[in-house]
Every structure is written in C-alpha cells, then in structure tokens.
Amino acid sequence: QAQLGESGGGLVQPGGSLRLSCVASGTISNVYDMDWYRQAPGKQRELVASISDAGRTNYADSVKGRFVVSRDNVKNTVWLQMQSLRPEDTAVYYCSAQIVRSVGWGWERYWGQGTQVTVSS
C-alpha cells in the first residue's frame with residue numbers, strides 16, 4: 001500500500017503565508033501527478049494546483065500569482081507555498097497523487113487525510 005501524509009495547515013491572518021507539505025510513502029515505484037485540492041464548507045472539492053513528475057504546473061485561476069507548487073521526486077514530496085492568503089482560501093486542503101506501486105502496474109489515485117487552513121483576523 002501507499003499513503004499520503006500532509007502537514008502545515010493552521011490559522012493565519014489575511015495577507016499571511018503558509019506552506020503545506022505532503023509525503024508519499026509505502027510501496028511506491030513511481031509517482032506521476034501530485035495535486036493539491038481544497039474543500040470549503042458547503043462547496044465542492046476543487047483542484048488548486050498540480051505538478052507533473054516532469055515539473056509542469058497548473059493552477060486554479062483563483063490562486064495564480066499567490067500559490068506555488070513544487071516537488072522533490074526523490075523524496076516523493078510535494079509542497080504548496082501559499083502567500084497573500086484571503087479568507088476565501090479557508091478550506092480543508094487535500095494532497096492527491098497518481099502512484100504506481102510496482103513496475104508494470106498502472107497508477108492509482110491516493111488521497112491524504114486533509115489539513116485545515118483557516119484565514120481569519
């Protein structure tokens with residue numbers, strides 16, 4: 001099995017910064033896309049940012065210019081650096097990844113348990 005573990009959430013004032021981390025562990029042969037999603041109360045889960053194993057990135061329009069996604073392929077780790085945070089960024093943030101557990105297998109999508117980010121004064 002493989003697992004994703006997130007850390008770094010918390011309470012921050014508007015305009016502040018936070019850095020989320022997510023580590024993929026367990027039986028892993030390869031990790032393709034690593035993504036950050038978020039879900040606010042009463043809203044659907046949305047894709048915030050993604051990064052391929054080649055380093056190609058994609059961002060939701062609402063976070064472009066404020067959030068940066070990066071990864072370390074050796075450590076199977078992805079980060080989300082969040083700046084200029086707004087109250088509307090408040091949500092549970094989930095890490096997700098396309099993981100191949102063994103050579104010759106297809107990828108499976110895994111999810112972390114989520115970490116709360118609250119932006120409030």
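The values are calculated or read from the model by the stated rules, or taken from the named source; none is laboratory data. The structure displayed is predicted, hence computed values, not measured ones. Cβ atoms come from the backbone with ideal geometry, glycine included; neighbour counts cover every protein chain shown. Just so you know, the surface numbers come from the protein's heavy atoms only, side chains and all, with ligands and any DNA or RNA stripped out. Shrake-Rupley method; radii C 1.70, N 1.55, O 1.52, S 1.80 Å.
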### Query
Which ones in region 64-90 are within 12 Å of the chain's Cα centre (by Cα) and among the hydroxyl-bearing types (S, T, Y)?
S70, T77
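For region 40-63, enumerate the residues that are of a type in the set (S, T, N, Q) and under 14 Å from the mean Cα position of the chain (by Cα). Before you say what the answer is, go through the steps one by one.
Residues of region 40-63 of a type in the set (S, T, N, Q): 44, 50, 52, 57-58, 62.
Result: S50, S52, T57, N58.
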### Query
Among the residues of region 31-52, which ones are in contact with a strand residue (DSSP E or B) (Cβ under 6 Å, 6 or more places away or on another chain) and either at pLDDT below 95 or closer than 13 Å to V117 by Cβ (or both)?
W36, Y37, R38, Q39, A40, V48
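Please specify each residue of region 51-62 satisfying the condition of being within 18 Å of W107 (Cβ to Cβ) and open to solvent by 20 Å² or more (accessible area, probe 1.4 Å). Write out each step before concluding.
Pass one, region 51-62, residues within 18 Å of W107 (Cβ to Cβ): 51-56, 58.
Within region 51-62, D53, A54, G55, R56, N58 qualify.
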### Task
Given the conditions (1) over 30 Å from P14 (Cβ atoms); (2) in contact with a Pro (Cβ under 6 Å, 6 or more places away or on another chain), report the number of the one that V119 does not fulfil.
(1)
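Given the criterion over 15 Å from Q113 (Cβ atoms) and of a type in the set (S, T, N, Q), identify the matching residue among S70, S21. If you could, list the steps in order and put the result at the bottom.
Working: S21 fails: over 15 Å from Q113 (Cβ atoms).
None of the other options fit; the residue is S70.
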### Task
Would you check which residues across region 42-100 are without any contact (Cβ under 8 Å) to a residue 12 or more places away in the chain and aromatic (F, W, Y) and list them?
Y59
### Message
Residues that are in a strand (DSSP E or B) and touching a Ser or Thr at 6+ places or on another chain (Cβ under 8 Å): does region 100-108 have at least one?
### Response
yes
### Message
If I filter region 63-115 down to residues being open to solvent by 20 Å² or more (accessible area, probe 1.4 Å) and among the aliphatic types (A, V, I, L, M), which single residue comes out as modelled with the lowest pLDDT?
### Response
V103
### Summary
Pairing a residue in region 25-36 that is on the phi > 0 side of the Ramachandran plot with any residue that is assigned to a loop (DSSP other than H, G, I, E, B) and open to solvent by 10 Å² or more (accessible area, probe 1.4 Å), where Cβ atoms lie under 6 Å and the two sit 6 or more apart in sequence or on different chains, gives G26/Q1
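Being aliphatic (A, V, I, L, M) and at pLDDT 95 or above is the filter; apply it to region 12-30 and report the residue that is nearest to Y93 (Cα to Cα).
Filtering first and then ranking leaves L20.
Hey, does region 35-44 have a residue that's crowded, with 20+ Cβ neighbours inside 10 Å and not charged (D, E, K, R)? It would help to see each step written out before you state the result.
Step one: of region 35-44, the residues crowded, with 20+ Cβ neighbours inside 10 Å are 35-38.
Subsequent filtering for residues that are not charged (D, E, K, R) retains 36-37.
The answer is yes; a qualifying residue exists.
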